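Single-structure report; data block below.
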Amino acid sequence: TNDGDTKVTHKYDKEGEYNITIKARVFEYIEERIVYVTARPCGPPAIYFPNSYTEKDPQIITRGIEIDFLKISIERPTECSQELVDPKYLWTISPSPIPAISKSNMERASFELEPRRLDSGNYSVTVNISYNDTKITQTEERYWFATHLRVVSSQLVASITGGSSREVESSPNTLLELNASTSFDPDNRDENSKLDFSWMCKFELNSALKVPDELCNSTVFVKLPGVGNPPQRIVNLNVSRFRENVTYFFKVTVSEGSRSSSAEQRVKLLPNIPSLEIRYVFYKVLVRY
């Protein structure tokens with residue numbers, strides 16, 4: 001085009017084969033492409049494929065999430081509203097997972113897999129789409145799409161019940177419970193899965209007096225003693241072995257193999273924490289007209 005537009009529309013008046021030449025110039029650099037066009041009285045449907053990734057630069061998928069990323073959409077031309085197009089899909093994945101994916105799941109418009117269905121590794125995914133052009137040429141049209149993905153292990157989720165900050169009464173008979181049982185591995189939600197737990201603690205620098213058999217006496221994280229061997233998901237500690245009016249930080253590290261994740265909780269030990277009770281009071285109102 002004379003004005004150098006990057007988008008051009010054109011409507012063909014006659015059926016036939018056509019070539020479109022596209023030429024781009026940047027200073028002295030020129031690149032030319034040719035698009036081959038087949039014009040029919042009623043053209044094929046527009047098929048929109050998802051983004052395609054190469055083997056060297058695959059799409060990264062974590063193992064613990066659902067795979068629902070490959071969706072093929074088809075739009076039929078408005079002038080062919082009466083045209084019967086019955087597309088057929090055939091997905092393939094290599095290497096094939098064990099157990100194999102059912103045939104019905106591999107013949108849909110989208111590629112969907114439940115979490116933890118694929119092991120960690122590299123995969124190639126292809127789909128073949130075909131439909132019968134019965135009213136025009138009575139031939140079978142075929143389309144093909146391929147992409148690559150890499151399934152990686154999920155990050156472990158570490159958490160301590162009660163949130164990131166708590167206040168605990170520092171009475172002698174109180175037990176401080178540190179509960180990390182809600183931590184989990186997204187790649188293995190089996191209740192029998194084994195996670196390793198490591199507990200550490202530190203406290204804010206202050207002038208509070210030391211207590212006998214103090215459990216945590218450091219301003220940097222150190223291993224928390226008295227939590228059992230091996231450390232457990234739930235730890236109960238006697239508050240009397242911690243300083244009063246002092247803020248402590250407890251850290252749990254959850255690990256499995258080469259993966260690990262940590263969570264921290266801030267706990268302040270206060271004397272005579274008042275209890276709060278919320279009561280609901282209902283009033284009956286009589287209205288006369």
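The values are calculated or read from the model by the stated rules, or taken from the named source; none is laboratory data. These numbers come from a predicted model, not from an experiment. Ideal geometry is used to build each Cβ from the backbone, glycine not excepted, and the neighbour counts take in all protein chains shown. Surface accessibility is based on the protein's heavy atoms, side chains included, excluding ligands, DNA and RNA. Shrake-Rupley method; radii C 1.70, N 1.55, O 1.52, S 1.80 Å.
Only one of Leu215, Leu156, Leu149, Leu176 is modelled with pLDDT of 85 or more, hydrophobic (A, V, I, L, M, F, W, C) and in contact with a Cys (Cβ under 9 Å, 6 or more places away or on another chain); which?
Matching residue, one of Leu215, Leu156, Leu149, Leu176: Leu215.
If the Cβ limit is 6 Å and pairs must be 6+ apart or interchain, which residue in segment 16-36 that is more than 14 Å from Thr6 (Cα to Cα) and of a type in the set (S, T, N, Q) pairs with which residue that is assigned to a strand (DSSP E or B) and open to solvent by less than 100 Å² (accessible area, probe 1.4 Å)?
Asn19/Ile34
Is it the case that Ser261 is among the polar types (S, T, N, Q), at pLDDT 85 or above and either in contact with a Cys (Cβ under 8 Å, 6 or more places away or on another chain) or open to solvent by 50 Å² or more (accessible area, probe 1.4 Å) (or both)?
Spelling it out, it is not the case that Ser261 is among the polar types (S, T, N, Q), at pLDDT 85 or above and either in contact with a Cys (Cβ under 8 Å, 6 or more places away or on another chain) or open to solvent by 50 Å² or more (accessible area, probe 1.4 Å) (or both).
Of the residues Ser262, Ser181, Ser159, which is outside any loop (DSSP other than H, G, I, E, B) and under 30 Å from Ser120 (Cα atoms)?
Sole residue among the options that is outside any loop (DSSP other than H, G, I, E, B) and under 30 Å from Ser120 (Cα atoms): Ser262.
When you scan segment 185-199, how many residues do you find that are assigned to a strand (DSSP E or B) and buried (at least 19 other Cβ atoms within 10 Å of the Cβ)?
Of the residues in segment 185-199, 3 are assigned to a strand (DSSP E or B) and buried (at least 19 other Cβ atoms within 10 Å of the Cβ).
What do you reckon, is Glu55 over 23 Å from Glu75 (Cα atoms), under 43 Å from the mean Cα position of the chain (by Cα), part of a strand (DSSP E or B) and at pLDDT 85 or above?
no
Please enumerate the residues belonging to segment 226-252 that are farther than 14 Å from Lys202 by Cβ and part of a strand (DSSP E or B).
Ile234, Val235, Asn236, Leu237, Asn238
What is the residue count in segment 63-102 for residues that are touching a Pro at 6+ places or on another chain (Cβ under 7 Å), under 20 Å from Ile129 (Cβ atoms) and at pLDDT 70 or above?
Summing the residues that are touching a Pro at 6+ places or on another chain (Cβ under 7 Å), under 20 Å from Ile129 (Cβ atoms) and at pLDDT 70 or above in segment 63-102 gives 3.
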